[in-house]
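Everything on this sheet refers to the single structure shown next.
We did not get these values from a lab; they are worked out from the coordinates using the rules stated. All values derive from a computational prediction rather than experimental measurement. Virtual Cβ from ideal backbone geometry, glycine too; neighbours counted across all protein chains shown.
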There are 2 protein chains.
Amino acid sequence: MPPAIPSVSPDLLLTNIARHVLLTPAEAATVAAALRPRHLRRRQFAVQAGEVCQYESFVVRGCLRAFYTDVNGFEHNVLFAIEDWWIADLASYLTQTPATLDVEALEDCELLQLDRAALEALYEQVPKLERYFRLMLQNAFVAQQQRALQSISLPAEARYRQFRAKYPQLEQRLPQRHVASYLGITPEFLSKVRKQVLQES
Amino acid sequence: MPPAIPSVSPDLLLTNIARHVLLTPAEAATVAAALRPRHLRRRQFAVQAGEVCQYESFVVRGCLRAFYTDVNGFEHNVLFAIEDWWIADLASYLTQTPATLDVEALEDCELLQLDRAALEALYEQVPKLERYFRLMLQNAFVAQQQRALQSISLPAEARYRQFRAKYPQLEQRLPQRHVASYLGITPEFLSKVRKQVLQES
DNA sequence: CGTCTATTTGAATGTACTCAAAAGCGGTGG
DNA sequence: CCACCGCTTTTGAGTACATTCAAATAGACG
């Protein structure tokens with residue numbers, strides 16, 4: 001009988017890590033063993049606001065969004081993730097305090113999840129990973145800052161153009177209202193902006 | 001002849017660190033030795049956009065702002081720092097890429113600066129500091145996220161109220177136009193918002 | 001095919017901005 | 001001590017970017 005094959009292969013993640021730090025085969029195996037495969041159906045949640053974010057999720061297949069629900073009940077998309085990206089409420093995960101974000105599957109997903117304890121254990125066994133995850137945090141910080149600066153300095157149309165240029169794959173895959181929410185405008189207004197932008201190009 | 005006394009005492013910083021990790025006297029001395037005292041006059045810059053941010057600066061005395069200048073030349077304040085706070089263009093400092101922010105002294109300042117190489121060396125000598133600076137980065141990340149979420153979900157008046165509640169000392173110390181810039185509104189509009197808010201309370 | 005949700009369109013509205021001018025405030029020198 | 005200069009804040013009128021609400025149209029899924 002062949003050995004049980006994990007339902008989600010760690011290859012994509014190991015390749016991703018290899019772009020930043022070099023692991024021996026043994027180390028790669030240790031990493032693979034620490035990951036918890038998880039299948040998520042469309043509309044299911046990987047993180048729920050109010051609860052501590054237990055896992056960082058690496059996307060092997062599918063698409064998710066992280067969003068904030070404001071005091072009036074309006075949702076604001078903060079981050080999307082597709083294949084080869086990590087997603088979580090990083091603030092919650094790192095500080096182990098209740099999440100302010102929800103993370104929801106927009107498509108059926110295959111994830112590789114890593115909980116806080118497993119991460120700490122990995123740091124012991126494979127210290128090189130500290131560098132990898134430090135880089136992830138730096139990237140998240142930098143991306144967040146750039147996004148904040150853009151949102152205060154550019155009008156909606158320019159933000160939309162930038163979004164299209166930066167994430168051409170994403171725009172195809174997302175309902176417009178989610179793009180609108182990410183850009184900080186209403187779906188109606190995005191529709192009007194698009195009319196301008198599309199007929200110009 | 002008495003030993004030369006550094007022009008800026010590290011006590012405030014050592015106390016700050018002690019709130020997060022416990023250092024032996026020897027370790028504290030190592031930290032103190034790695035710091036570079038720096039005096040900055042009002043209007044002088046600690047960081048200039050376009051150049052790599054060389055130092056993280058701990059404020060012993062004074063007040064500074066970090067700001068972004070957009071494509072139209074408008075400035076947007078991103079962060080203030082007073083005594084017992086760190087300030088830098090963290091994204092630039094961490095990744096050693098050109099800064100997108102300027103950091104300017106709003107008052108005469110006494111700083112303790114730590115350059116990237118000195119920080120790496122400190123990590124070797126006093127590994128506990130990794131925890132301290134990881135906490136600083138987490139805090140910066142969390143604060144940045146909260147600020148971004150507020151700015152998309154709250155109207156200007158609510159943002160002003162929150163600012164007053166959160167940083168009562170700061171409001172006293174800053175010209176209104178800098179508060180306006182931080183809140184993402186014009187000085188004229190802040191003036192009108194204040195009229196509302198002040199007469200209600 | 002029908003139902004449900006997403007997108008588009010339009011009209012009225014609102015929040016915040018621009019521009020201009022007046023008033024306040026702080027320092028400096030005669 | 002007061003007069004003046006420069007800078008900040010206030011006030012007001014007109015405007016712009018984006019929203020709300022409502023209705024029509026288009027798409028997607030069972």
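Viscosity 1.567 mPa s, temperature 4 °C: Stokes-Einstein D of chain A from its Kirkwood Cα radius, in µm² per second? List each step's numbers first, then the result.
Values: Rh = 18.2 Å.
Using the Kirkwood radius from Cα pairs, D works out to 71 µm²/s.
When only Cα pairs under 8 Å and 6 or more residues apart are kept, what is the percent relative contact order across region A:1-157?
28
Can you give me the pair-distance distribution of region B:126-192, C-alpha pairs, 5 Å bins, whole percents?
3, 15, 21, 21, 15, 9, 8, 5, 2, 1, 0
Mind putting a number on the dipole of chain B about its Cα centre? Charges go on the C-beta only, +1 for Lys and Arg and -1 for Asp and Glu, and I need it in Debye to the nearest 20.
Here chain B has a charge dipole of around 620 debye.
Which whole-Hz couplings ³J(HN,Hα) result when phi for each residue of region B:156-161 is put into the Karplus expression 6.51 cos²θ - 1.76 cosθ + 1.60, θ = phi - 60°, listed in order with x for Gly and Pro?
Going residue by residue, I get 3, 4, 5, 5, 5, 4 Hz, with x marking Gly and Pro.
How big is region A:1-61 on each of its three principal axes, counting only the C-alpha atoms and giving the largest first in Å?
39, 35, 18
In straight Cα distance, which lysines are under 22 Å from A:Lys192, not counting same-chain residues fewer than 8 positions off?
A:Lys166
Using a Förster distance of 56 Å, how high is the FRET efficiency between B:Thr186 and A:Val21, based on the Cβ-Cβ distance and rounded to 0.05?
Numbers: r = 47 Å, r/R0 = 0.84.
Calculated transfer efficiency: 0.75.
To make sure I understand the rule: partners must be aspartates and glutamates, Cα under 13 Å from the Cα of B:Lys195, and not fewer than 8 residues away in the same chain. Which ones qualify?
B:Glu157
Taking θ as phi - 60°, what are the ³J(HN,Hα) couplings along region A:59-66 by the Karplus curve (6.51, -1.76, 1.60), each to the nearest whole Hz, with x for Gly and Pro?
Rounded to whole hertz, the list is 8, 8, 7, x, 8, 9, 10, 10.
I'd like the GluC sites (Glu not before Pro) in region A:1-93 restricted to DSSP loop residues with at most 16 other Cβ atoms within 10 Å, sorted by number.
Qualifying residues, ordered by number: A:Glu51, A:Glu83.
Any idea what % of Cα-Cα pairs in the protein assembly as shown are farther than 28 Å? Mind dumping the intermediate values first?
Details: 43852 of 80601 pairs.
The calculated P(r) of the protein assembly as shown puts 54 percent of pairs beyond 28 Å.
Check which residues have an amide H placed less than 5 Å from A:Gln44's amide H, if you skip close sequence neighbours.
A:Ala105
With each run of n ≥ 4 DSSP H residues scored as -39500 (n - 2.57), what mean residue ellipticity at 222 nm is computed for chain A after dividing by its residue count and rounding to the nearest 500 deg cm²/dmol?
It lands at -15000 deg cm²/dmol.
Note down the net charge around A:Arg116, summing +1 for each Lys or Arg and -1 for each Asp or Glu among other residues with Cβ under 13 Å from its Cβ.
Overall, the nearby charge balance is -3.
As a footprinting exposure proxy, order A:Phe45, B:Phe67 by other Cβ within 10 Å, with the fewest listed first.
In order of increasing Cβ crowding within 10 Å: A:Phe45, B:Phe67.
Straight distance only, please: which aspartates and glutamates reach the Cα of A:Lys128 with their own Cα at less than 13 Å, same-chain residues fewer than 8 apart left out?
Leaving aside aspartates and glutamates fewer than 8 places away in the same chain, those within reach of A:Lys128 are A:Glu27, A:Glu120.
Could you pull the Rg and Dmax for region B:155-201, using just the Cα atoms, both in Å?
9.6, 24
Using the alpha-carbon atoms, what tilt in degrees (0 to 90, nearest 10) does helix A:116-125 show relative to the longest principal axis of chain A?
Tilt relative to chain A: about 50 degrees.
Rounded to whole Hz and in sequence order, give me ³J(HN,Hα) for region A:126-141 from the Karplus expression 6.51 cos²θ - 1.76 cosθ + 1.60, θ = phi - 60°, writing x for Gly and Pro.
10, x, 4, 5, 4, 4, 4, 6, 5, 5, 4, 5, 4, 4, 4, 5
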